[in-house]
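The values are calculated or read from the model by the stated rules, or taken from the named source; none is laboratory data. Fair warning: this is a prediction, and the values are worked out from it, not measured in the lab. Every residue, glycine as well, gets a Cβ built from its backbone with ideal geometry; the counts of neighbours run over all protein chains shown.
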Amino acid sequence: MNKIAFITGISGQDGSYLAEHLLDLGYEIHGLIRRQSLTERQTERIDHIDHKLNLHYGDMTDEHCLYKIIQEVQPDEIYNLAAMSHVKVSFDMPAFTIKTNSLGTLNILEAIRNSSPQSKFYQASSSEMFGNNIDNDGFQRLSTPMNPVSPYGSSKLMSYNLTKQYRTGYKLYACNGILFNHESPRRGTTFVTNKVVKTAVEIKYGIKNVLKLGNLDSHRDWGHSYDYVRAMHLILNYETPRDWVVSTGETKSVRNLCEYTFNQMGMNYNDYIIQDEKYFRKEEVNYLRGDSTEIREIFGWKPKYTFNAMIDEMIDFWQSKLK
Ligand code: G4F
């Protein structure tokens, strides 16, 4: 019999790649989508596989709908990818962020505990939970103290702890994947990678003439979503539930990102970038670099994409879209 997966956030970047991956593996897929007035846009990333999916309307803040879906579907695996995922926006919408991300996780864990305790649970945890803590060797790992510096990071830390607590207290198969930044052509264009790539292409085509950014000196460990959703599936299919770090182990600054992207299109980023106060955060995570030794050694997982190959793919995407 086919395994059944339930994915919250299925219409997002990771949800869409994960759905494709699990369909390839023969899973029956159920997904949670929110009702929006612009219905034709909400499933853009999954329209090509829509006929193979079972989509349910619902919301992370509605415990009744989550309970009903989980009770009816009795999934083998539940991937909680739904979130208000924009760090800067979380300063503007802290209550919404906490309700969606933290209470939303609690709603699912309670639904599992009461109606489908055999379901395995994956929580999309984030490197943003570390805040500015870095181990002496320059990496973050499971043992690095967590000290978030945004409402988003705080909301994710609450979910991380709940997931651990439901694992130890209620013996659920519940795991955290602490994923460092991961991108792709499907990334929202208000996140820095796709904003830089899209705007650089627009500048090249004469559609725009400047790129307004905030902090150019923060460093991120950027991988590809395609690689990271494979890690999520491995995490839920390990012999025992536990937490994992998923990262490339390399770090680059926003400035490095701009330099590479503009160079690839024969331009100098210095000629086009303006720093704008509007894009700075109240508090910044300055440096992220994850130690993913364990997932590499235990599963043989490693990223297929290099940073450059990922940015090149994003450039190709925007060039063919905007041509
Ligand atoms: O692309 P970003 O918005 O990603 P951020 O804040 O690192 O968060 C992402 O990764 C987390 C994992 O660590 C996820 F949990 C989270 O959901 C999200 O996916 O910003 C990256 C960096 C930041 O330092 C930011 O200050 O880019 C800097 N930046 C500079 N100018 C900008 C901009 N970020 C955005 N979004 N827009 C700018 O104009």
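Residues satisfying the criterion are present in region 222-231 (criterion: buried (at least 20 other Cβ atoms within 10 Å of the Cβ), hydrophobic (A, V, I, L, M, F, W, C), out of contact with any Gly (no Cβ under 6 Å at 6 or more places or on another chain) and over 21 Å from ARG281 (Cα atoms)).
Specify the residue that is farthest from the ligand (Cβ to nearest atom); the eligible residues are those in region 80-101 that are buried (at least 22 other Cβ atoms within 10 Å of the Cβ) and among the small types (Gly, Ala, Ser). Taking the candidates together, the pick is ALA82.
Could you please let me know if TYR287 is away from the ligand (no atom under 14 Å from the Cβ), surrounded by 16 or more Cβ atoms within 10 Å (Cβ to Cβ) and not aliphatic (A, V, I, L, M)? Spell out the reasoning first.
Numbers: away from the ligand (no atom under 14 Å from the Cβ): no; surrounded by 16 or more Cβ atoms within 10 Å (Cβ to Cβ): yes; not aliphatic (A, V, I, L, M): yes.
No.
Can you confirm whether GLU77 is acidic (Asp, Glu) and either closer than 21 Å to ASP227 by Cβ or crowded, with 17+ Cβ neighbours inside 10 Å (or both)? Against the criterion (acidic (Asp, Glu) and either closer than 21 Å to ASP227 by Cβ or crowded, with 17+ Cβ neighbours inside 10 Å (or both)), GLU77 qualifies. Within region 157-175, does at least one residue satisfy the condition of being more than 20 Å from GLY9 (Cα to Cα) and aliphatic (A, V, I, L, M)? So far as region 157-175 goes, yes, one or more of its residues are more than 20 Å from GLY9 (Cα to Cα) and aliphatic (A, V, I, L, M).
Rundown of residues vs (1) modelled with pLDDT of 95 or more; (2) within 10 Å of the ligand (Cβ to nearest atom); (3) over 19 Å from LYS323 (Cα atoms), yes/no style:
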| site | (1), (2), (3) |
| --- | --- |
| LEU162 | yes, no, yes |
| ILE178 | yes, yes, yes |
| ASN181 | yes, yes, yes |
| THR193 | yes, yes, yes |
| ILE203 | yes, no, no |
| ASP227 | yes, no, yes |
| ALA231 | yes, no, yes |
| TYR238 | yes, no, yes |
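Within region 128-138, the set of residues being surrounded by fewer than 24 Cβ atoms within 10 Å (Cβ to Cβ) and touching a helix residue (DSSP H, G or I) at 6+ places or on another chain (Cβ under 9 Å) comprises GLY131 only.
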